[in-house]
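Novice: So that we are looking at the same thing, I have put the structure below in structure tokens.
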Amino acid sequence: MTTFVDRVELHVAAGNGGHGCASVHREKFKPLGGPDGGNGGRGGDVILVVDQDVTTLLDYHHSPHRKATNGKPGEGGNRSGKDGSDLVLPVPDGTVVQDRDGNVLADLVGQGTTYVAGQGGRGGLGNAALASTRRKAPGFALLGVPGQARDIVLELKTVADVALVGYPSAGKSSLISVLSAAKPKIADYPFTTLVPNLGVVNAGSTVYTIADVPGLIPGASQGRGLGLEFLRHVERCSVLVHVLDTATLESDRDPVTDLDVIEAELRAYGGGLEDRPRLVVLNKIDVPDGQDLAEMIKPDLEARGYRVFEVSAVSHAGLRELSFALAGIVAETRAARPAEESTRVVIRPQAVDDAGFTVTYDGELYRVRGEKPERWVRQTDFTNDEAVGYLADRLNRLGVEDELVKAGAKAGDGVAIGPEDDAVVFDWEPSLAAGAEMLGRRGEDHRFDTPRPAASRRRDRQAEHDEAADAYDEFHPFGG
């Protein structure tokens, strides 16, 4: 059964914003109570937060779909809807957040570090908030904005100071078990270690973490064995320790060749490991043949520039020297790092002349893209003529119609607002007038009315009366 997962694809969906309410206050002896529709609540966010108690992504492997709660709709009596609850997802320290194309969105390192993976939708305004001196009794409200839904990839990179690398059964698990309090699985067959093991080592005044990475073999950087799955766990380490088996029973292997093979795989993988300090550990010197081989190859390795330590995980020989040598390198690396600065909130206001949208022509449609117009379209109830008229007024004030004219659009041309796969398409009709003078009964806008016979007859009679009055004034300029 899977107990350790370090890479998952997570489907997150933030909560939708609640719809605004269109309501009119009704009370005895108060016929003109006015609008009292409340605003909708905000949808909940999906937030990733680093938790030191979490060491694996196993929960998200079994339950990859996560959704925050929606905001509640507004109600009459100026009652706003309740905000949706944020969904907080704990992740291990060292989790990298990527999109499906591999672009890094966030690198979560340090207890309490957060990242908003899904932004909750804002609630729609009720008609009480939309009322103004020009529009005293709106017969519509704005819809809530859908929450952000996206697919992300969570990838865990172990946060450790020291990484033990080497062939399977080289003794890495045995070393970490005696250097620290970690209790990894130890056996005399290859690939005993199937997951990275972490241990904490105390060496004088320095405390550091050490990671046992599953064994590497030739071709690990291309996916052979377990190497490709776990090579990323050495990327954050300050020092690499090559653990070489001096008592191997395989006749076609020797420690120096093993070192060359592992170095070639590290170079092929990349990840910025070229400049990391390296130590070489000649393990299993408790075996007579292992001691002889270690003494034979140590000068050659030192000639290459490596610091070499002869150790035995069984007899504990050489472990104290190795532990303090690693502590010294870790302390130097920590001292060389720049001091961490507290996160500063940078406010970048938009330029006052930045309309925040673009108008392009693709040969068939004029496409309008921008955060504001796209959000306004999502908030519009297209079954309500007054709401559609309000949208037209907002787009006009934003300058969308002016830009359409500059782009060459004419009355009747197709205009699409939004992305290609989810756009609102309509035939453009330039607004000749906008404002309160265009409003009729609540929920209606004369710009979208179809002619009514009774109203047409009244207009015709009024026109005939006006013509007769004009003719009378022309022939009787002084009255009488």
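The values are calculated or read from the model by the stated rules, or taken from the named source; none is laboratory data. It should be emphasised that the depicted structure is a prediction, and the values quoted were computed from it without experimental measurement. Every residue, glycine as well, gets a Cβ built from its backbone with ideal geometry; the counts of neighbours run over all protein chains shown. SASA here: full protein model, heavy atoms, side chains in, ligands and nucleic acids out. Shrake-Rupley method; radii C 1.70, N 1.55, O 1.52, S 1.80 Å.
Novice: Can you name the residue in the stretch 29-54 that is touching a residue at least 60 places away in the same chain (Cβ under 8 Å) and closer than 24 Å to Q111 by Cβ and is also surrounded by the most Cβ atoms within 10 Å (Cβ to Cβ) among such residues?
Specialist: Taking the candidates together, the pick is V46.
Novice: A further question follows. From the set of residues in the stretch 292-326 that are part of a loop (DSSP other than H, G, I, E, B) and surrounded by 14 or more Cβ atoms within 10 Å (Cβ to Cβ), which is farthest from the chain's Cα centre (by Cα)? Working first, answer last.
Specialist: Start the filter on the stretch 292-326 by keeping residues that are part of a loop (DSSP other than H, G, I, E, B), which leaves 304-306, 311-318.
Next, only the ones that are surrounded by 14 or more Cβ atoms within 10 Å (Cβ to Cβ) stay: 306, 311-314, 317-318.
Details: Y306: 42, V311: 46, S312: 46, A313: 44, V314: 47, A317: 49, G318: 47 Å.
So, considering only residues that are part of a loop (DSSP other than H, G, I, E, B) and surrounded by 14 or more Cβ atoms within 10 Å (Cβ to Cβ), the one farthest from the chain's Cα centre (by Cα) is A317.
Novice: For a quick check of your reading of the model, give me the residue pairs whose first member lies in the stretch 217-244 and is modelled with pLDDT of 60 or more and part of a loop (DSSP other than H, G, I, E, B), whose second is of a type in the set (D, E) and crowded, with 21+ Cβ neighbours inside 10 Å, with beta-carbon atoms closer than 7 Å and at least 6 apart or on different chains.
Specialist: C237/D161; S238/D161
Novice: If you don't mind, another one. Taking the stretch 365-394 as the region of interest, how many residues are in a helix (DSSP H, G or I) and open to solvent by less than 20 Å² (accessible area, probe 1.4 Å)?
Specialist: If we filter the stretch 365-394 for residues that are in a helix (DSSP H, G or I), which is where we start, we get 371-378, 385-394.
Filter once more, keeping what is open to solvent by less than 20 Å² (accessible area, probe 1.4 Å): 373, 377, 386-387, 389, 391, 393.
The total comes to 7.
Novice: From the list T358, T333, which residue is in contact with a strand residue (DSSP E or B) (Cβ under 9 Å, 6 or more places away or on another chain), within 30 Å of R236 (Cα to Cα) and either of a type outside the set (D, E) or at pLDDT 90 or above (or both)? I'd like the intermediate steps shown before the answer.
Specialist: Working: T358 fails: within 30 Å of R236 (Cα to Cα).
Exactly one of T358, T333 is in contact with a strand residue (DSSP E or B) (Cβ under 9 Å, 6 or more places away or on another chain), within 30 Å of R236 (Cα to Cα) and either of a type outside the set (D, E) or at pLDDT 90 or above (or both), namely T333.
Novice: Let me spell it out: the conditions are (1) under 30 Å from E155 (Cβ atoms); (2) modelled with pLDDT of 85 or more; (3) aromatic (F, W, Y), and Y269 meets all of them except one. Which number is the exception?
Specialist: (2)
Novice: Could you tell me which of the residues D258, D289, D252 is modelled with pLDDT of 80 or more and either open to solvent by 10 Å² or more (accessible area, probe 1.4 Å) or within 36 Å of the chain's Cα centre (by Cα) (or both)?
Specialist: Sole residue among the options that is modelled with pLDDT of 80 or more and either open to solvent by 10 Å² or more (accessible area, probe 1.4 Å) or within 36 Å of the chain's Cα centre (by Cα) (or both): D289.
Novice: Yes or no: G20 open to solvent by less than 30 Å² (accessible area, probe 1.4 Å), under 28 Å from L130 (Cα atoms) and touching a Cys at 6+ places or on another chain (Cβ under 7 Å)? Break it down stepwise before answering.
Specialist: Values: open to solvent by less than 30 Å² (accessible area, probe 1.4 Å): yes; under 28 Å from L130 (Cα atoms): yes; touching a Cys at 6+ places or on another chain (Cβ under 7 Å): no.
Here the answer is no, as G20 does not meet what is asked.
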